[in-house]
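> Take this structure, written in structure tokens, and hold onto it; I'll ask about it next.
The values are calculated or read from the model by the stated rules, or taken from the named source; none is laboratory data. Here the structure is a predicted model, which means the values were calculated and not measured. So basically every Cβ, Gly included, is an ideal-geometry build from the backbone, and we count neighbours across all protein chains shown. Note: accessible area is taken over every heavy atom of the protein model, side chains too, but ligands, DNA and RNA are not part of it. Shrake-Rupley method; radii C 1.70, N 1.55, O 1.52, S 1.80 Å.
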Amino acid sequence: MARFRMEQIKIDQFAVLSKETSGNLEINTNLGIGANKDLQIVNVQLIVKYQESNEIKVLLQVSCYFSVHPDDWIGFKKNDRIVLPKSFLAYLAMHTFGTARGILYCKTEDTPYQKFILPPTNVEAMIEHDLEI
């Protein structure tokens, strides 16, 4: 496994759009991954929406930035490209999901939404292929 460090956590968006809920929430997630070849940084962005009857009740968009150890970054090099394996990206995405869980817990404290969790998610199934840059 490649060595990495979480360099930055950004809460791009957070909103509790309604203080009322019947408790019948649907949770939708969207995952985006990018990388900066020169800085050897991988960015994982997660959007979480708690919805009820197609109305968004809680919205969180979080970005986690991971630096990859230079020796391991070189190991991802194939010809002129950097190829980040799906399994490595899934590992970083799992860290991002865990970070989002903590943020949601803190941000929804003392609201009706605190009792709702971000359930375990098979993030590897959300990532379709290796990332080439």
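> I'm trying to understand the selection: among the residues of segment 62-82, which are outside any helix (DSSP H, G or I) and surrounded by 14 or more Cβ atoms within 10 Å (Cβ to Cβ)?
Of everything in segment 62-82, those that are outside any helix (DSSP H, G or I) and surrounded by 14 or more Cβ atoms within 10 Å (Cβ to Cβ) turn out to be V62, S63, C64, Y65, F66, S67, V68, F76, I82.
> If you go through segment 85-105 one residue at a time, do you hit one that is assigned to a loop (DSSP other than H, G, I, E, B) and either closer than 30 Å to S18 by Cα or of a type in the set (D, E) (or both)?
no
> If a residue has to be open to solvent by less than 50 Å² (accessible area, probe 1.4 Å) and either under 25 Å from L39 (Cβ atoms) or in contact (Cβ under 8 Å) with a residue 40 or more places away in the chain (or both) to count, how many in segment 100-115 make the cut?
Total meeting the criteria: 6.
> Taking segment 21-56 as the search range and keeping residues that are closer than 21 Å to L84 by Cα and assigned to a loop (DSSP other than H, G, I, E, B), which one is most open to solvent (accessible area, probe 1.4 Å)?
Going through the qualifying residues, I end up with D38.
> Follow-up question, since we're still on this one. What tally of residues in segment 122-133 results from selecting those that are open to solvent by less than 50 Å² (accessible area, probe 1.4 Å) and at pLDDT below 95?
Here the count works out to 2.
> Also, quick follow-up: Testing S18 on (1) exposed (fewer than 13 other Cβ atoms within 10 Å of the Cβ); (2) outside any strand (DSSP E or B); (3) of a type in the set (G, A, S), one condition comes back false. Which one is that?
(1)
> Tell me the residue from T21, T29 that is touching a Pro at 6+ places or on another chain (Cβ under 6 Å), in contact (Cβ under 8 Å) with a residue 40 or more places away in the chain and over 13 Å from L89 (Cα atoms), please.
T21
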